[in-house]
Amino acid sequence: EIHIKEPIEKEVNPHLLPGELLLCEASTVYKYIQEDGSNRGTYGKLVCTNFKIAFLDDDSASDDNEPQFKNKIVGENDITLQCVDQIYGVYDEKKKLLTGQLRKYPEKLIIYCKDLRVFHFCLRYTKEEEVKRIVSGIVHHSQTPKLLKRLFLFSYASAAPNNTGGRNQTVMFDTLEDWRDELERTKGNVKYKAVTTNEGYRVSEKLPLYFVVPICVSEESILKGQLTNFYHLVNVFLQIWCWSCHNGAALLKMSAFPKEQDDITSQTQKAFLDGIYKTISKPPYELLKMDDLSSSLPSLQDIQIAYTRFKQLFLIDNSTDFWATDVKWFSLLESTNWLEIIRRVLKKAIEVAECLERQHTNVLLIEESATDLCCVISSLVQVMMDSYSRTKSGFQSLIQKEWVIGGHGFLDRCNHLHKSDKEEAPVFLLLLNCVWQLVQQYPPAFEFTETYLTVLSDSLYVPIFSTFFFNSQHQKDTNMSGESLKTQSTPFRFLTVWDWSVQFDPKAQAFLNNPLYAEKPKLDKSQRKTARFKHQRQLSLPLTQTKSSSKRGFFREETDHLIKNILGKRIGKFINSSDEPPNSFREFYDSWHSKPVDYHGLLLPRIDGPEIKVWAQRYLRWIPEAQLHGGGTIATAAKILDLMEEVQSLQVKMDEEHSQAV
């Protein structure tokens, strides 16, 4: 059945954001509702702006069929330019990838999106001039390399009213205070301190303005290192603190040395290393376990290849394709290797947690730039070990600390500017996939839901928030000033993604919060005191100097070993991660799983075989054939939310009655 071709009576205009400009449009475009061979669909107008590609049909104008969970910025027929993955044209039933200049224009356009939606537009009934304009416009604006300042982020920031809402509870880690509070919260301030050495980025542009280092490292030594032409040495060999465990053991991260280097550099490195280790091997002599993630985890390239294969399973053109893949679904899934990568990453996080929790050993994560897999592992370890990171504001603060301020290159890894495919890798998505495994295995332990994680993954491609659109704090700060626009000298006021009211109204935001979250019981004062006292004693134990000799020997030996080996070799190869017997991991894992779960204590994911699952809500949500009758978990969640509301309103009534009676 094909709709009778009638021109649209009422003019449907796109809803434009501040700073958004209409670039090209085409009318009488036919959008297939579902590619099931029946050609059902609707006519409308296809437009391209400097922010999104949008399809407007008669329904766009009416608000009758509004879904309960609606995004205020990106509608269901909108695709932000950053969300476009690939564009295909269909010529005489053959699909061809569209990039750059086109000599011939297709009769059908297929757009694959990074959030796994697939759009089919038929251009047979559209005027030839309009087809040329819209197709070349869409391909040009979504697929060709861009300059950073050409991102919609800047147009929006300069045009939007400066109404940055009240500061939400998320800690942004852009001030010294934030770092000091975090040190105090984790009791890390006994052995670590926040430094201001990098104010004005005088040490390194790769490092954040403020960060935390061992107390024994003096600020002068960091600066001196920078001044005596150690150029990248400081941000290469600076152990940066991530988090401290309740027993005083800490998680640190550090960049690895470059593989190729000349003699002079290696000499300076040796001197620098010697200096660092002299300071660290003063009392207290601490055990330190190193883990070179670039040798113990898959490379970024492997992760990218696996994800590219994996997402192909969900970018489905039609029903026939879906049922064809359904027959060999599990073998296809396994051959992508994506779930295996998730399993390996979770296993590594458990190993690190075991060192901190059971062996009371500091763990130093090492990676080439310390801004990719280091971020994944350190974040996962904190989600597993620190119940604060499982609250919504705690998790958001964690992402700010480890990823945004920690210098993860979102711009390159998401390839937002289409500069180079070589740098692209779904590192942040990998973290969200791992956290999802924990959320679905232990729902009451998390204050947020899987819907929250799905929405967060979608926000990676919405360029009105600065959170996921810079490679480092330095890059953001240097681009904050709006001097290039003659009218404006004030700095841009960027939005943060953590202000969820920008994308969702309160009713939709309710779906981001877990109604069945097991909140932490509040301690009364007497309990609190004893707990705190015990805490400090535990922390001060390692500072006593008994048995110093054996540990000192161990440490000096390891230091000499380190210095001998470090020149010209990769760090993690020689201090082997498998020093302890291989069954110690298994024993730790099994003994934890044999006990009842404490939702506010350590959480270890189940990682055997089928325990690692596909994040169905994110990957299957657009495939009609895969939908559950009755709505599955989301319908259950909606029911629970209604129930909670009812219980709360009854509670209010009872309280009122009670107070009146009194």
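All of the numbers you see were taken from the coordinates with simple rules; none came from a lab. Just so we're clear, the structure is a prediction, and the values are computed from it rather than from any experiment. Heads up, the Cβs are rebuilt from the backbone with ideal geometry, glycines too, and the neighbour counts pull from every protein chain shown.
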Potential extension, GLN169-LYS104 segment - 0.36 nm per residue separation minus Cα distance
18.1 nm
In order over region 653-659: 3J(HN,Hα) from phi, Karplus 6.51/-1.76/1.60, θ = phi - 60°, whole Hz, x for each Gly or Pro, gives 4, 4, 4, 4, 3, 4, 5
Cα principal axis extents for region 403-511, largest first, Å:
52, 37, 22
Residue by residue through region 92-104, which ³J(HN,Hα) values in whole Hz follow from phi under the Karplus form 6.51 cos²θ - 1.76 cosθ + 1.60 (θ = phi - 60°), with glycine and proline marked x?
6, 6, 9, 8, 9, 5, 9, 9, x, 6, 10, 8, 10
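Could you sort the peptides 356-368, 143-155 by per-residue average Cβ neighbour count (10 Å cutoff), highest mean leading? Don't jump to the answer; show the numbers that get you there.
Details: 356-368: 21.5, 143-155: 16.9.
Highest mean packing first, the order is 356-368, 143-155.
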Sorted by chain and then number, the residues having a modelled amide H within less than 5 Å of the amide H of ASN362, at least 5 places away or on another chain, are ALA250, LEU287, LYS289
Note down the Stokes-Einstein diffusion coefficient of region 22-144 in µm²/s, whole number, using a Kirkwood radius over alpha carbon pairs, 25 °C, and 0.890 mPa s.
166
For region 126-133, in order, what is each residue's ³J(HN,Hα) by Karplus, 6.51 cos²θ - 1.76 cosθ + 1.60 with θ = phi - 60°, in whole Hz (x at glycine and Pro)?
9, 4, 4, 4, 5, 4, 4, 5
